[in-house]
Amino acid sequence: MTETAAPALHRGAPEGEPLLHADRLVAGYLPGVNILQECSLVLHPGELVGIIGPNGAGKSTLLKALFGLVSIREGALTLKGEDITNLRADALVGRGVGFVPQTNNVFPSLTIEENLQMGVYQAPQKFSERLEVVLDLFPELTHRRKQRAGALSGGERQMVAMARALMPEPSVLLLDEPSAGLSPVRQDEAFLRTRRINKAGVSVVIVEQNARRALQICDRAYVLDQGRNAYSGPGRELMHDPKVIELYLGTLATDVDAARAVDRETGEPGV
Ligand SMILES: Nc1ncnc2c1ncn2[C@@H]1O[C@H](COP(=O)(O)OP(=O)(O)O)[C@@H](O)[C@H]1O
Ligand SMILES: [Mg+2]
């Protein structure tokens, strides 16, 4: 458990009080079966933090625990220093937390605009002001506002889901695999969009199966394995950690390929 000993666990994190602090969370679905086994994470204001790890590691469970959808059995969760352990999802939305689940994240029978309206059901007076801000981030949606979400492609639905979560002006956005099921080009767009949202001032926790790409865009990341913290640190550092490469990123050869890649946004080498 030396890997999980603080402060090494949050290596590279800024000084000061975290926006969100999950401290040794134990959580699960079935009585007596813990999926998260003392899982920790901090998110500081302005950060883009990734969660990667093999299938079944507990990444989605951790996000759901952060959003009050899986009950926390042990440990503590704080937002801006206030205890929010086991607060319900709707209360968390009121406090500035947004969540985009991996699937079933739009209302298919409603139009795009109605989906966005649902995003501010707790504060409907904010609708027009927020709509303008959010459509600025997702200009592709502007002319399709009256279309039913059910008629959209996977990539477009993902956009609507993110846009809906941004409507109440969250300070923290939790994203579960925004690139899943998308074509490579659409995946790339999802990553760039995530970074743009982050640059616009929203602190983001992103769960990703595409670990290499996630590490490229994250400030820091946590590798989960079997419900525990396995590794963590600045994204680009983890990308070059031989142990992380061997266990979670595949072969070194692929890493060399990634190193040759060029970051599409900055034009700099991808690593
Ligand atoms: N609703 C559920 N009920 C019972 N077990 C679940 C449920 N959802 C996930 N699990 C179990 O929790 C473990 C972690 O799943 P999950 O958090 O979805 O992993 P990941 O997102 O890293 O792939 C898996 O063993 C999975 O079978
Ligand atoms: Mg998952």
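The values are calculated or read from the model by the stated rules, or taken from the named source; none is laboratory data. Quantities reported herein were computed from a predicted structural model and do not represent experimental measurements. Note that each Cβ is placed from the backbone with ideal geometry, even for glycine, and that neighbours are counted across all protein chains shown.
Out of curiosity, is S60 within 14 Å of ligand 1 (Cβ to nearest atom) and hydroxyl-bearing (S, T, Y)? Steps first, please.
On the way: within 14 Å of ligand 1 (Cβ to nearest atom): yes; hydroxyl-bearing (S, T, Y): yes.
Yes.
Within the option set L152, L116, being out of contact with any Ser or Thr (no Cβ under 9 Å at 6 or more places or on another chain), at pLDDT below 95, surrounded by 18 or more Cβ atoms within 10 Å (Cβ to Cβ) and farther than 20 Å from P45 by Cα holds for one residue only, L152. Of all residues in segment 27-53, those satisfying the criterion of being touching a Phe, Trp or Tyr at 6+ places or on another chain (Cβ under 9 Å) and of a type in the set (G, A, S) are S40, G50, G53. Looking across D23, D90, D83, one residue alone is without any contact (Cβ under 8 Å) to a residue 60 or more places away in the chain, closer than 20 Å to Q226 by Cβ and among the acidic types (D, E). It is D23.
Here the strands (runs of 3 or more DSSP E) wholly within segment 19-91 that include at least 1 residues being within 16 Å of ligand 2 (Cβ to nearest atom) and in contact with a helix residue (DSSP H, G or I) (Cβ under 6 Å, 6 or more places away or on another chain) are 20-27, 36-43, 48-52. Applying a threshold of 8 Å to beta carbon distances and a minimum spacing of six or more residues, or different chains, the list of pairs starting in segment 44-69 at a residue that is free of Cβ contacts under 8 Å to residues at least 40 places away in the same chain and more than 13 Å from D219 (Cα to Cα) and ending at one that is near ligand 1 (Cβ under 7 Å from one of its atoms) and in a loop (DSSP other than H, G, I, E, B) is empty. Scanning segment 92-117 for residues that are hydrophobic (A, V, I, L, M, F, W, C), over 13 Å from E169 (Cα atoms) and not in a loop (DSSP other than H, G, I, E, B) gives V100, I112.
Per-residue answers, yes or no, for (1) within 12 Å of the chain's Cα centre (by Cα); (2) more than 16 Å from ligand 2 (Cβ to nearest atom); (3) not aliphatic (A, V, I, L, M):
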site	(1), (2), (3)
Q158	no, no, yes
L166	no, yes, no
L174	yes, no, no
P178	yes, no, yes
D219	no, yes, yes
G227	no, no, yes
P234	no, yes, yes
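Within the span defined as segment 101-117, every residue fails to be more than 29 Å from L141 (Cβ to Cβ), under 20 Å from the mean Cα position of the chain (by Cα), within 14 Å of ligand 1 (Cβ to nearest atom) and not β-branched (V, I, T).
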